[in-house]
Amino acid sequence: MGKLLVHVIQVEARMPFIRSDEAVVYDIHGAHFTSYVSASTGSRDLAAWRGEIPAGTVAPVHTISHEEVFYVLSGRPTGPRGCGS
């Protein structure tokens, strides 16, 4: 087998490091959201949130401007367009 050579290039931009106790917390529409990555922490295109949403919570009708990905730790979301199906 050959060797894998990796060259790491250091760039000027610094990646922010956010500890869980430093994250911004929002309580919106009966749900609890913690923001870990956003424009305010230096991200240009990504956001990372942890949401704790009680069963039966109904989100207000809204339109998203960017692609969203949900990683469900427990429970089962339901909604339009086959969400959770």
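Could you work out how much longer the chain between Val72 and Tyr26 gets when fully extended? Use 0.36 nm per residue separation minus the Cα distance between them, nm to one decimal.
Extra length available between Val72 and Tyr26 comes to 14.7 nm.
Quick check for you: which residues of the range 38-54 have the amide N under 14 Å from the point 7 Å beyond the Cα of Ile64 toward its beta carbon?
46-51
Give the order of Leu46, Leu73 when sorted by the count of other beta carbons within 10 angstrom, beginning with the fewest.
Fewest-to-most ranking of Leu46, Leu73: Leu73, Leu46.
Might you report the magnitude of the Cβ-based charge dipole of the range 14-85 about its Cα centre, with Lys and Arg at +1 and Asp and Glu at -1, to the nearest 20 debye?
Here the size comes out at about 140 debye.
Just want the answer: with Cβ charges of +1 for Lys and Arg and -1 for Asp and Glu, which residue in Val37, Pro16, Tyr71 is farthest toward the dipole's positive end in the range 14-85?
Of the candidates, Tyr71 comes out farthest on the positive side.
Each value in this text was obtained by applying a stated rule to the coordinates, not by laboratory testing. Computed from a predicted structure; not experimentally measured. Cβ: placed from backbone, ideal geometry, glycine included. Neighbour counts: every protein chain shown.
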